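The values are calculated or read from the model by the stated rules, or taken from the named source; none is laboratory data. Values in this document were obtained by computation on a predicted structure and should not be read as measured data. Neighbour counts are summed over all protein chains in view; Cβ atoms, including those assigned to glycine, are modelled from backbone coordinates with ideal geometry.
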Amino acid sequence: MEVMMTYNAYMNELECWKNQDTDYVALSHANLNVDNAYYWRDEAGKLLCGVLDWGGFGASCLGHKLWWYFNCSEFEMLKDDFEHFMTTFVDAYRDSGGPRINAKTLERMVRLTCLQNLSVMVAAVPDCLRQIPEQDWASVKDRKDQRIEENLGGKSTLRTTLRAMDNGLRMIEEMRVDADLQWFIDEIWVGTMHQQPKTREMIFGEEGAAK
């Protein structure tokens, strides 16, 4: 996929841009999607929530972290309410003592991070094939299949990998994240950093550039 090869060529430059403005960097959980939260009710029936997996806790790009919070969401909700989520976070961040940040800039950081997440999920495909053997995938009709919906070996890894992968692909296909990547190349890499765009040879190698 061309967009993923292009992302890979600019991966480090994107990470530099996402973290260079400290207004968009904060101390927080690194991966607060659904599999890292747990819920219970107290004696009065009040719903409570706890958080797992604090290993990646640290200071880094808020937009990066927000995508890793969203990556297992239902895509239709994410697509319909994406801008609302951004403006809500910007307001809450400011109300909690943070700086006033630009919702559009934050949105671009979040959207571009979906490509980083998708590259991680592609690397997890061999693990998916270990959990459900390759010859059995033809019988999996959708993500509600019991083999996916339930934990395997006490882990939700397969379910969350497939969910994040599906969301990443739909972000490209339905929300045009490829346009955000081109914006980064044109406006940031070339326009702000005054660098030359990378050639097709640099992105795809000699064989790919010839096609």
Just wondering, is there one or more residues in segment 39-56 that are modelled with pLDDT under 90, closer than 24 Å to Val190 by Cβ, out of contact with any strand residue (DSSP E or B) (no Cβ under 7 Å at 6 or more places or on another chain) and surrounded by 11 or more Cβ atoms within 10 Å (Cβ to Cβ)? no
Kindly list the number of the only condition in (1) in a loop (DSSP other than H, G, I, E, B); (2) among the hydroxyl-bearing types (Ser, Thr, Tyr); (3) free of Cβ contacts under 8 Å to residues at least 60 places away in the same chain that fails for Ser73. (3)
Based on what the data block shows, is Val90 under 17 Å from the mean Cα position of the chain (by Cα) and either of a type in the set (Gly, Ala, Ser) or assigned to a helix (DSSP H, G or I) (or both)? no
Flagged pairs (Cβ under 7 angstrom, 6 or more apart or on separate chains; first in segment 93-120, surrounded by 18 or more Cβ atoms within 10 Å (Cβ to Cβ); second not in a helix (DSSP H, G or I)) are Tyr93/Ile101; Met109/Cys61; Asn117/Asn71
Spans of helices (runs of 4 or more DSSP H) in segment 102-206 with at least 2 residues touching a His at 6+ places or on another chain (Cβ under 8 Å) and not hydrophobic (A, V, I, L, M, F, W, C): 103-123
Residues satisfying the stated conditions in segment 21-57, i.e. of a type in the set (A, V, I, L, M, F, W, C) and in contact (Cβ under 8 Å) with a residue 40 or more places away in the chain: Ala26, Val34
Number of positions in segment 11-70 that are in contact with a Ser or Thr (Cβ under 9 Å, 6 or more places away or on another chain), of a type in the set (S, T, N, Q) and assigned to a loop (DSSP other than H, G, I, E, B): 1
